[in-house]
Each structure stands twice: as structure tokens, then as C-alpha cells.
1. Could you list all residues from segment 311-341 that are buried (at least 22 other Cβ atoms within 10 Å of the Cβ) and among the β-branched types (Val, Ile, Thr)?
2. Taking segment 51-89, which residues are touching a Pro at 6+ places or on another chain (Cβ under 9 Å), under 27 Å from Asp9 (Cα atoms) and among the hydrophobic types (A, V, I, L, M, F, W, C)?
3. Could you go through segment 272-280 and let me know if any residue there is within 15 Å of the ligand (Cβ to nearest atom) and either of a type outside the set (A, V, I, L, M) or buried (at least 24 other Cβ atoms within 10 Å of the Cβ) (or both).
4. Can you say whether Lys173 is within 16 Å of the ligand (Cβ to nearest atom) and either within 18 Å of Pro235 (Cα to Cα) or in contact with a strand residue (DSSP E or B) (Cβ under 8 Å, 6 or more places away or on another chain) (or both), as far as the supplied structure shows?
5. Answer yes if at least one residue in segment 122-145 is touching a Pro at 6+ places or on another chain (Cβ under 8 Å) and either without any contact (Cβ under 8 Å) to a residue 60 or more places away in the chain or exposed (fewer than 15 other Cβ atoms within 10 Å of the Cβ) (or both), and no otherwise.
6. Please note which strands (runs of 3 or more DSSP E) are completely contained in segment 101-181 and include at least 3 residues that are in contact with an Asp or Glu (Cβ under 8 Å, 6 or more places away or on another chain).
7. Out of the residues in segment 233-269 that are part of a loop (DSSP other than H, G, I, E, B) and surrounded by fewer than 17 Cβ atoms within 10 Å (Cβ to Cβ), state the one that is modelled with the highest pLDDT.
Amino acid sequence: MKLNYWRFDLKLKHTFTISRSSRDVVPVILLKFEHEGITAYGEASPNARYNETTDTVAEFFGKIDPEELADPFRLERINEYLDSLSPHNASAKAAVDIAMHDWIGKKLGVPLYKFFGGEKCKTPLSTFTIGIDTPEAIVKKVKEAADYLVLKIKVGLPNDEEIIKAARSVTDKPLRVDANEGWKSKEEALDRITWLASQNVEFIEQPMPAAQLDDTRWLRESLSRRASGREVKMPIIADEALAYHDIATLSTAYDGINIKLQKNGGLLKSRKLIYAARAHGMKIMLGCMIESSVGISAAAHLSPLVDWNDLDGNVLISNDPFKGAANENGKIILNDEPGLGVVPLNSTSDL
Ligand code: MG
């Protein structure tokens, strides 16, 4: 059995700006697990928001006793083992869990979406994400995304209205909006969302800081009372808050959750979250970090089980080292190869 990893810098086609950071390159770690003649892959895309870097991922991999991975079918036991090594390091755990799933699919000869009980025709349309930028650049990016049917727009800095107006000057497509905790007061969030509701916005993701649960609850209640008795229907989706509260608590303030494999530690834990959120009547969006086709394909296989897809992490990069699930203008196309259905491209095949 061999467990190897290598660092890889994903290059973004455009500088990507959200409310707390701006990036051109995203360093990830790709994992290769070889066992019983099967080669399986995983990926960690560590995020500073959760105190992770490629160094913390590498350090976590260094703690793993490969013998504990001898039977990948024992997914529950393996996830418990990974949790016993550290309470954190979600993206490093995701990489291992994804590789275990890839191995299982290959061993059984089935694509993962079948293993999860999904149907490949049921992948929800994925949004194409547009980062925070100047109005001129937003117009250009929206035009470039002409083939995508739904756009996700990042806001949360003082130029929100300008950004949405710029997008609206060139498209009438449905927009989904992500504030990435950008609005710090509940009154500000209420004003912004009330305005967004008039702009054909489908939902708002993480309007306020994750820790401000009471404020978010107030926000949801106020939205339903606002507009002179007319309810403002704008589902509020938890993203960053998912790392701080359990589903039962989140359901008191949010209408849905954004599940990301990298944030939740992989496919097994994310499936459990899907079922838990459904039990609380919540909607589910499947999101991603900037990831190669390894991480995105893993999420794509899970996506027939969710309401909304936001799986464009590999579309935003120019040097994807793998080929896997395809994204055709937002429609995620799963292939029927066993496991993840990903193959390394030439530049990485010798690694
Ligand atoms: Mg988000």
C-alpha cells in the first residue's frame, strides 16, 4: 500500500476577490493512494478561513498510519480514525475520504453516483461565480459567462449595489448572491437583502458573520415582516456558519446549508449532513473551494442528492491537472467510469 501526495498550484483565470481576500493562485495538495492494484485519488484545497494551509495538510498526512487504510470499505472506522488524529484539518481529511471512495468505486466497478443511490441526470445546474470587482470588470465577466444560465455574484464590500447593478445592466438571469460574512450589522444586512429581493436574486449566502446566529435569526424574521406587510422571500443559506453550529441550531436561523467536501471532511460526512439537513426541512446547496477536477468530481457524484450546485472551482482555473466530471455551461456531466472517474493529464501522470 502506498500513500503519496504532491503540492500543486492551481492558477486562476481571473484574480478572484471575495469580501475577505483576493487571489491569483490557489495551492492544493493532491493525494494518490495505491492498494491492491488500484490507484485512487484525493484532493485537499486548504482554506485560510479555517486555519488550513498546504503545510497543515502535509503535516496531517504525516500522522497517518497507512495500515489504518488497509480496508477502505470501513469508511466509518477510517473517518473516526482521521478525527482521532486531530479535531481540525477538514480538507486533509476530505482528501483521504475522497481517495477511499475512489478506491471503493474502482474495486466495485461502479461510478460513485451509483454507490450513493443517485441518478446522473439529476445533477442540478451549477452556477458560475463572479468575484468582487469594478463595475466595468463585472460587466465583462458577466458577458464572458453568457453560456451559464445561473450566476453567483460575490458581494460584502461597500460596492454591493454597484456590482449588482452592473450585472443587471447586461443580464436578466437569476442571480445567487454570496456576502461571505461581509455585512456586520443586522440592520445593514436587512437593507441590502430587501434591495436584492427586487433584483431577481434567488437566495443569499452567509450574509453575516458565522458567529452572529441571533442576528441572522432576527434578519430572517424581519425579512418575513418587511415591505409593508409583504413578505420578502429570500432564503438565507449558511456556509461559513456550518463550521460553528450543528444542523438543529442552524435550522433556527437559516433556510439551507452550503455543503463543501473540503470544509466538512469529505464525502461520508457530507452525506450525513445532507440527511440531517433534510430532516430539519432545509434546502441543500453543494459548493466547493477552488479545486481541481478531483475534488469537483467527488462533489459532482454527490450532487444528484441536493437542490443547488455551485461546482465551478475547476472551471475558474487554467491548469487543471485532471479530467473528470464535465461542466457544460453549468450542467454537470458525470461519466460512468468507476469511482470518481478522474484521470491525470500528462503533466502529472508521472507523479
Ligand atoms: Mg459561500
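The values are calculated or read from the model by the stated rules, or taken from the named source; none is laboratory data. Nothing here was measured: the structure is a model prediction, and the numbers come from that model. Positions of Cβ are generated from backbone atoms using ideal geometry, with glycine treated the same way; all protein chains shown enter the neighbour counts.
1. Within segment 311-341, Ile317, Ile332 qualify.
2. Here is the first cut: in segment 51-89, the ones touching a Pro at 6+ places or on another chain (Cβ under 9 Å) are 52-57, 78, 89.
With under 27 Å from Asp9 (Cα atoms) added as a condition, the list becomes 52-57, 89.
Result: Val57, single match.
3. No, because not a single residue in segment 272-280 is within 15 Å of the ligand (Cβ to nearest atom) and either of a type outside the set (A, V, I, L, M) or buried (at least 24 other Cβ atoms within 10 Å of the Cβ) (or both).
4. In short, no.
5. Yes, some residue in segment 122-145 is touching a Pro at 6+ places or on another chain (Cβ under 8 Å) and either without any contact (Cβ under 8 Å) to a residue 60 or more places away in the chain or exposed (fewer than 15 other Cβ atoms within 10 Å of the Cβ) (or both).
6. 151-154, 175-178
7. Thr252
The rows are residues; the columns are (1) under 18 Å from the mean Cα position of the chain (by Cα); (2) within 16 Å of the ligand (Cβ to nearest atom).
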{"site": "Lys13", "(1), (2)": "no, no"}
{"site": "Phe16", "(1), (2)": "yes, yes"}
{"site": "Glu34", "(1), (2)": "no, no"}
{"site": "Gly37", "(1), (2)": "no, no"}
{"site": "Gly42", "(1), (2)": "yes, no"}
{"site": "Ala58", "(1), (2)": "no, no"}
{"site": "Ile64", "(1), (2)": "no, no"}
{"site": "Leu75", "(1), (2)": "no, no"}
{"site": "Asn79", "(1), (2)": "no, no"}
